[in-house]
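> Pasting a structure below so you can have a look.
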Amino acid sequence: MASQPGAALRLLLLISGLRAGLLQQGRSSSLHGSSENFAIPDPFYDPIQSSGERQNLETENVTVVEGEVATISCRVKNNDDSVIQLLNPNRQTIYFRDFRPLKDSRFQLVNFSSSELRVSLTNVSIHDEGRYFCQLYTDPPQEAYTTITVLIPPNNLVIDVQKDTYVEGEEVEMNCTAMASKPAAVIRWYKGNQELEGGKTEVEAMDNKMFRVRSQISVTVLREDDEVPFVCLVDHPAVKDLETRQYIDVQYKPAVMVSVIYPPGLTREGESLELFCKVAGKPRPSKVTWVKVDDDLPDHVIVENDKLYIHSLNKTDNGTYRCEASNSVGSSSGDYTLYVYDPPTTPPPPTTTTTTTTTTTPSTTPDASATTEPAVHDTRAAEEGPLGVDHAVIGGVVAVVVFAMLCLLIILGRYFARHKGTYFTHEAKGADDAADADTAIINAEGGQNSCEEKKEYFI
């Protein structure tokens, strides 16, 4: 190892000679081919010796996005004031100690000391990519290199579709292209927040180490996909959340649903009915039509676009009412089946005597037609008014049954009372035609004559 004074003197002589002899050296292209460069030869450089001797010299690789700043650091451990030099991939000197021979103002000195040479490179481009060398002038000299990797995000992201409007059930083919990226981008597809599978990807290599990526996907669209974004999302180390969206106009035939606005419960005779036809379609139907299935609409039915009114219902209004709607895609309909019930009956006022109750109950007996009502309306019976009417009807029926049983018991009692003696005695038989009581007794069967005839004599 050379002594410190000798090494310093040698370096001063070297620099002075180089500046005097090489000042008029021809221009050499910089990394972009526009800056002047004065390369300082390295008299101590020996690639055979320096390739494996990096004990005291350290550096790190740098990854930077195009247009940003890259920082190169040459660090020395246990330095003895040996000279540190930074060279570009063409082995042109960028910095010699704190002096910059390369006339490229994008390189700026960040820090210089006996243990570190740190240089920044602004506005990095793809042309700056490569190996940068750190040299330490020791005996023997040492060298280490750092690699600058430049990332280039896609400069354009486009989705192509064949047309803007589709009919429900059609297949849509979409293409998403990521232009000029480094490395090659990865494309993913989403429908809303749901990731789609099955995309086909093609990667094409371009000049300057860049790539063009194209992804294609096919989707069968439904009415739920109308105005839902199809998203092309790029995964790339140089950019986050890079995406583009495509909205598909999906047309579909109408969906029709008929609902009852009034009444909320059973539809009874004498009341009114109001129906509403809800229609959803694209394009929206301009008109809806009301018809009565297998019959004409009654004369007293009022139709106002999507509403139908029937005042003072009667049983001739029974039937199925249909709402029809159509657009350029197709047509649909919705039905409502009307069944008109009897008007509600008013229960009799409460009484205290059984007789009055039994005589008034026939007027509250339910109409037999109520038992023939369609099952589809049974769930609406619970919406009828107070339950007192049903209780009065049941009470009247029970009273009638009790009264009938009492009458039957009374008649049977009287019948048995009148025929009681006929079954136990025949003493008065034959006395029915007697003129007086004495004759009746004599003529009666079992009288004294009979007694005499039944006497027995023993001798």
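The values are calculated or read from the model by the stated rules, or taken from the named source; none is laboratory data. From a predicted model like this one, the values you see are computed outputs, not experimental measurements. A quick note on method: Cβ atoms are made from the backbone with ideal geometry, for glycine too, and the neighbour counts reach across all protein chains shown. SASA here: full protein model, heavy atoms, side chains in, ligands and nucleic acids out. Shrake-Rupley method; radii C 1.70, N 1.55, O 1.52, S 1.80 Å.
> Taking 4 °C and 1.567 mPa s as the conditions, I'd like the Stokes-Einstein D for the stretch 86-179 in µm²/s, using the Kirkwood hydrodynamic radius from alpha carbon pairs.
Translational D for this selection: 75 µm²/s.
> For the pair Glu304 and His127, how long in nm is the line joining their label points, each one 7 Å along Cα→Cβ?
That separation, rounded to one decimal, is 7.8 nm.
> Leaving out ligands and nucleic acids, and using a 1.4 Å probe, what accessible area per residue does the stretch 163-222 come to in Å²?
Counting only protein heavy atoms, the per-residue value for the stretch 163-222 is 57 Å².
> Follow-up question, since we're still on this one. Residue by residue through the stretch 247-260, which ³J(HN,Hα) values in whole Hz follow from phi under the Karplus form 6.51 cos²θ - 1.76 cosθ + 1.60 (θ = phi - 60°), with glycine and proline marked x?
Going residue by residue, I get 9, 9, 8, 9, 9, 8, 6, x, 10, 10, 9, 9, 10, 9 Hz, with x marking Gly and Pro.
> What FRET efficiency, computed as 1/(1 + (r/R0)^6) with R0 = 30 Å and r the Cβ-Cβ distance, is obtained for Lys292 and Thr345, rounded to the nearest 0.05?
E between Lys292 and Thr345, to the nearest 0.05, is 0.55.
> OK, next. Check Gly199: other-chain or 5+ apart residues with amide H under 5 Å from its amide H, H built from backbone geometry?
none
> Separation of the stretch 255-280 and the stretch 191-211 by C-alpha centroid, Å?
54
> Quick check: net charge around Cys232, other residues with Cβ under 13 Å of its Cβ, Lys/Arg +1 and Asp/Glu -1?
My count for the surroundings of Cys232 gives -1.
> Residues with amide H under 5 Å of Gly281's amide H, sequence separation 5 or more or different chain, H placed in the peptide plane at 1.01 Å from N; which?
Ala255
> Now, a different point. Suppose R0 equals 45 Å. What FRET efficiency, 1/(1 + (r/R0)^6) with r the Cβ-Cβ distance, do Ile261 and Phe403 give to the nearest 0.05?
For R0 = 45 Å, the calculated efficiency reads 0.45.
> Once you've got the Cα coordinates, tell me which of Lys163/Lys209; Lys163/Lys282; Lys253/Lys278; Lys200/Lys282; Lys77/Lys103; Lys209/Lys240 are over 23 Å apart.
Exceeds cut-off: Lys163/Lys209; Lys200/Lys282; Lys77/Lys103.
> Follow-up question, since we're still on this one. What FRET efficiency, computed as 1/(1 + (r/R0)^6) with R0 = 45 Å and r the Cβ-Cβ distance, is obtained for Thr147 and Asp249, rounded to the nearest 0.05?
0.35
> Next up: Find the eigenvalues of the gyration tensor of the Cα atoms of the stretch 176-223, then list the square roots of 5 times those eigenvalues as equivalent ellipsoid semi-axes, largest first, in whole angstrom.
Over the Cα atoms of the stretch 176-223, the semi-axes work out to 26, 10, 7 Å.
> Label-point separation (nm) for Lys209 and Glu197, each offset 7 Å from Cα along Cα-to-Cβ?
3.6
> Using modelled backbone amide H atoms (1.01 Å from N, in-plane), which distant-in-sequence or interchain residues come within less than 5 Å of Glu170's amide H?
Those qualifying (amide H under 5 Å, at least 5 residues apart or on another chain) are Val221.
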